[in-house]
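The values are calculated or read from the model by the stated rules, or taken from the named source; none is laboratory data. Values in this document were obtained by computation on a predicted structure and should not be read as measured data. Cβ sites come from the backbone with ideal geometry, for glycine too, and all protein chains shown count toward neighbours. The accessibility values were calculated without ligands, DNA or RNA, using every heavy atom of the protein model including side chains. Shrake-Rupley method; radii C 1.70, N 1.55, O 1.52, S 1.80 Å.
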Amino acid sequence: MARRPQELLYLLTRAERLAVRRVQSVLDEFDCSVEAWRVLDLLSDGQGHNMTALADHAFLPAPSLTKLMDQLVDQNLVYRRVDPADRRRVLAHLTPRGKQRWQLLAREVRTDWGDLEHLPAGEELDGLLTQLAEALEGRPTTGPARVTTGRAGKAVGRAR
């Protein structure tokens, strides 16, 4: 039986709030917000990112991101440079200290989430959530994920 949209929205919101609360409890030990962690995470790829990409990744409006970026610059975790390809844009990068901070935070969060590794179908859940997000954005998905279920109706695999 298909879920009603409000039931799915409730489950997604509940899971997101619990996940953020859990991550924030780890980050609190390092005086770091979830939004700052998200910015550091995106910048950890070493590519440099513009403010629009960072705002999207941190789920922040532009004025809030600007304030956060000023704090991260003041903490010597991030620096900003003019984009050589488009001098009207600014790209943010991690400083060496920022990279060390991100590595520490990533390790601590992964350690805290270790007990969740027993959950079945972690990759499948990632794929399903990605497909849901893409569908809600109106983007074409890579096709429906067909889930193989066992006798108890629990997911046991993914057919391709």
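Report whether or not Glu16 is over 22 Å from Gln71 (Cβ atoms), modelled with pLDDT of 90 or more and under 14 Å from the mean Cα position of the chain (by Cα).
Working: over 22 Å from Gln71 (Cβ atoms): yes; modelled with pLDDT of 90 or more: yes; under 14 Å from the mean Cα position of the chain (by Cα): yes.
So Glu16 fits the description; yes.
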Could you check Tyr10 against (1) among the hydroxyl-bearing types (Ser, Thr, Tyr); (2) in contact (Cβ under 8 Å) with a residue 12 or more places away in the chain; (3) closer than 27 Å to Leu129 by Cα; (4) open to solvent by 70 Å² or more (accessible area, probe 1.4 Å) and say which number it fails?
(2)
Quick one: in region 74-96, of everything that is over 21 Å from the mean Cα position of the chain (by Cα) and either more than 17 Å from Ala53 (Cβ to Cβ) or in contact (Cβ under 8 Å) with a residue 40 or more places away in the chain (or both), which residue is least open to solvent (accessible area, probe 1.4 Å)?
Val90
His118 versus (1) within 19 Å of Ala133 (Cα to Cα); (2) in a loop (DSSP other than H, G, I, E, B): which is the lone unmet condition?
(1)
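Hey, could you check region 121-155 for residues that are in a helix (DSSP H, G or I) and modelled with pLDDT under 75 and say which is nearest to Ala19 (Cα to Cα)?
Looking only at region 121-155, we keep the residues that are in a helix (DSSP H, G or I), and these are 122-137.
Next cut, modelled with pLDDT under 75 only: 122-123.
Values: Gly122: 15, Glu123: 17 Å.
Among those that are in a helix (DSSP H, G or I) and modelled with pLDDT under 75, it is Gly122.
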